[in-house]
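Single-structure report; data block below.
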Amino acid sequence: MSGVPFTSTAEPALPPAPGFWNSPGLRRFRRHKLAVFGAATIVFLTLACIVGPWLLPYTDTFIDIRNRFAPPFSGPHVLGTDPLGRDILARLLMAGRISLAVGFSAMAIAMAIGIVVGMVAGFYEGALGAALMRFVDAMLCFPSIFLLLAISALISPSVPSIILLIAMTSWMEVARVVEAQIRSLKTREFAQAAVSFGASNRRIMVRELLPNAIAPIVVAATLNVAHAILAESYISFLGFGIQPPTPSWGNMLDSAQSYLTSAPWLAIIPGAAITLAVTSFNFIGDGLRDALDPRMDGQ
């Protein structure tokens, strides 16, 4: 045998492509502990609000007149009862259904409007883009809470009208984010290549530019849910939002105003739910901002 060592000429095997759970973006998200906590909290709240009312022995409208103002953990009602003897946990979960539904629905409508306006303004620029963005600036000049209160005082409050009202006053920030992204992306090589191949403006906007602007849009959508939940709480607390007997976290706070000293849990419990939900969505937004930014790799 020859003393020359054997050397393989076979090409080294390529490592397998990382799956979803090992993707760089998800790894960055998992490193953000507060974002993971926020995501787990929102999943728990959503499941509790969907399934919880079916598992409780009391409905949100059941009146236990002998146990009015029962404090938490003092009897059959885990979180106590309100002035009418209704179970606070049942009302909290039913209110969560309404508040979370308002948050997600208002976010979806606001994102749709903001994306369309921002995409058209950023792609066409010129007179059309300038007119659209000046309209956005004019809408942003009005403080959203005062605009919400002014309009809600003029319409009949209901869940659909509150959703539309919040969406109509929260799409402007999304439009500005999308407009800036589209205006920057349309000068890139891939967009210019699509133009040279004769792609239509609609195809360029929807198939080329929008997918590349998805990262800030996802972050804006997450923060928009938090804003919508907080906005619903504002206007319901002030009496212009969702009206009893339909429960929401905001009108539960409104009903508790007269009992802050005698039964403080009536305000603390829905207030804690609002704080937990809004803070969790903000944590998720921060985590998504890091996860969708490749420059954060290795940090």
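Every condition in (1) part of a helix (DSSP H, G or I); (2) surrounded by fewer than 16 Cβ atoms within 10 Å (Cβ to Cβ) is met by Phe142 except one, and the failing one is (1).
Could you check, for segment 163-175, whether at least one of its residues is in contact with a Gly (Cβ under 8 Å, 6 or more places away or on another chain) and either charged (D, E, K, R) or open to solvent by 20 Å² or more (accessible area, probe 1.4 Å) (or both)? Yes; the residues of segment 163-175 include at least one that is in contact with a Gly (Cβ under 8 Å, 6 or more places away or on another chain) and either charged (D, E, K, R) or open to solvent by 20 Å² or more (accessible area, probe 1.4 Å) (or both). State whether one or more residues within segment 268-275 are touching an Asp or Glu at 6+ places or on another chain (Cβ under 8 Å) and crowded, with 20+ Cβ neighbours inside 10 Å. For segment 268-275, residues touching an Asp or Glu at 6+ places or on another chain (Cβ under 8 Å) and crowded, with 20+ Cβ neighbours inside 10 Å: absent.
Put simply, of Ile113, Ile163 the only residue that is touching a residue at least 60 places away in the same chain (Cβ under 8 Å), of a type in the set (Val, Ile, Thr) and touching a helix residue (DSSP H, G or I) at 6+ places or on another chain (Cβ under 6 Å) is Ile163. For segment 188-206, filtered to residues that are over 21 Å from Val116 (Cα atoms) and not in a helix (DSSP H, G or I), the residue that is most open to solvent (accessible area, probe 1.4 Å) is Phe197.
With the structure loaded, tell me whether Phe135 is among the aromatic types (Phe, Trp, Tyr), surrounded by 13 or more Cβ atoms within 10 Å (Cβ to Cβ) and over 18 Å from Ala112 (Cβ atoms) or whether it fails that test.
Numbers: among the aromatic types (Phe, Trp, Tyr): yes; surrounded by 13 or more Cβ atoms within 10 Å (Cβ to Cβ): yes; over 18 Å from Ala112 (Cβ atoms): no.
No; evaluated as a whole, the condition is false for this residue.
Screening Ser170 with (1) in contact (Cβ under 8 Å) with a residue 40 or more places away in the chain; (2) assigned to a helix (DSSP H, G or I); (3) in contact with a helix residue (DSSP H, G or I) (Cβ under 6 Å, 6 or more places away or on another chain) gives one miss only, at (2).
Only a single item in (1) assigned to a helix (DSSP H, G or I); (2) open to solvent by 50 Å² or more (accessible area, probe 1.4 Å) is not met by Leu148, and it is number (2).
Suppose the filter is open to solvent by less than 70 Å² (accessible area, probe 1.4 Å) and out of contact with any Asp or Glu (no Cβ under 7 Å at 6 or more places or on another chain); does Ile214 pass it? So Ile214 fails the test.
The condition of being under 20 Å from Ser184 (Cα atoms) and of a type in the set (A, V, I, L, M) holds for only one of Met107, Met119, that being Met119. Report yes if Pro160 is under 30 Å from Gly250 (Cβ atoms) and either part of a helix (DSSP H, G or I) or polar (S, T, N, Q) (or both), otherwise no. Taking the combined requirement at face value, the residue satisfies it. Filtering segment 65-103 to residues that are among the charged types (D, E, K, R), open to solvent by 20 Å² or more (accessible area, probe 1.4 Å) and outside any helix (DSSP H, G or I) leaves Arg68, Arg86. Among the residues making up segment 59-71, those that are over 30 Å from the mean Cα position of the chain (by Cα) and not aliphatic (A, V, I, L, M) are Phe62, Asp64, Arg66, Asn67, Arg68, Phe69, Pro71.
The values are calculated or read from the model by the stated rules, or taken from the named source; none is laboratory data. A quick note: this is a predicted structure, and the numbers were derived from the prediction, not measured. Virtual Cβ from ideal backbone geometry, glycine too; neighbours counted across all protein chains shown. These area figures cover heavy atoms from the full protein model, side chains too; ligands, DNA and RNA do not enter into them. Shrake-Rupley method; radii C 1.70, N 1.55, O 1.52, S 1.80 Å.
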